[in-house]
Amino acid sequence: WASERLGRSLRLVRMAPDARRPVPPMFTPVEATTRFTDAFPLLVVAQASLSALERRLGRALAMRRFRPNVVVAGAAPHAEDGWKRVRVGEGDAAVVLAFGKLCSRCQVPAVDPSSGERSRDGEPLSTLATYRTRELDHGGGHVERGVFFGANYVHEGPGTIRVGDPVEVVD
């Protein structure tokens, strides 16, 4: 059905229920796994980080270009870079998220999620590169160079995250 509908040969894949992909342990204070994401289960971005990029770019962007799981309102631009732990939600359902590492960006944010078309000018990555290019020394000879936007986190335990939940920086 999918191949016929989209006009090209496709195949449906799945991950076995018992399959586990460990998050690189050098980056997290707790053992964590992920499924279909590149390396981390959660991406956290402050709304102000996108607003700062939009000001430099001179136009609005959809946050979904960056595919965050958690968008935080009321924080300073790029505050998510420095949080070690945050609590999302309230009471027993709250989830504590632990910082993993800054998120190095691939080319996906240069693709308009509505049209599927890649920007000819390389935006928003070209603008991000003017002020968010970093060289991170993770130790042990592991140096990561790239353009960074948002931060990767892992959850420290089970819980539920809902739109509108309060976010509290724990440390």
*Charges only on Cβ, +1 for Lys and Arg, -1 for Asp and Glu: so what's the dipole of the chain about the Cα centre, in debye to the nearest 20?*
640 debye
_Cβ neighbours within 10 Å, averaged per peptide: list 3-16, 155-168, 95-108 in order, most packed at the top._
95-108, 155-168, 3-16
*asked:* Charges on Cβ only, +1 for Lys and Arg, -1 for Asp and Glu, centred on the Cα centroid of the chain; of L10, H138, V163, which one is farthest towards the dipole's positive end?
replied: L10
*Within the set of other residues whose C-beta is less than 10 Å from the C-beta of R35, count the net charge using Lys and Arg as +1 and Asp and Glu as -1.*
+2
*Using label points projected 7 Å from each Cα along Cα→Cβ, tell me how many nm separate S114 and E168, to one decimal.*
3.9 nm
*Write down the radius of gyration of segment 89-149 and its Dmax, each obtained from C-alpha positions, in Å.*
16.1, 47
*asked:* I need the Kirkwood Rh of segment 1-67: take the reciprocal of the average 1/r across all distinct C-alpha pairs and report it in angstrom.
replied: 15.8 Å
_For the chain: accessible area per residue (Å², 1.4 Å)_ = 61 Å²
*Taking the convex hull of the Cα atoms, report for the chain its projected area averaged over all directions, in nm².*
12.5 nm²
*asked:* Can you work out the Karplus-derived ³J(HN,Hα) for every residue in segment 23-34? Use 6.51 cos²θ - 1.76 cosθ + 1.60 with θ = phi - 60°, whole Hz, and x for glycine or proline.
replied: 6, x, x, 5, 9, 10, x, 10, 5, 8, 10, 9
*asked:* Let me check against my output: what whole-number percent is the relative contact order of the chain, with C-alpha pairs under 8 Å and at least 6 apart?
replied: 26 percent
*Expressed as a whole percentage, what fraction of the accessible surface of segment 1-141 belongs to carbon and sulfur atoms when a 1.4 Å probe is rolled over the protein heavy atoms?*
50 percent
*When the helices in the chain are scored as -39500 (n - 2.57) per DSSP H run of 4 or longer and the sum is shared across all residues, what 222 nm value do you end up with, to the nearest 500 deg cm²/dmol?*
-3000 deg cm²/dmol
_Can you give me the C-alpha center-to-center distance between segment 26-45 and segment 87-117, rounded to a whole angstrom?_
10 Å
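The values are calculated or read from the model by the stated rules, or taken from the named source; none is laboratory data. Keep in mind the model is a prediction, meaning the values are calculated, not measured. Glycine also receives a Cβ, built like all others from the backbone with ideal geometry; neighbour counts cover every protein chain displayed. We work out accessible area using only protein heavy atoms, side chains counted, and drop any ligands, DNA or RNA first. Shrake-Rupley method; radii C 1.70, N 1.55, O 1.52, S 1.80 Å.
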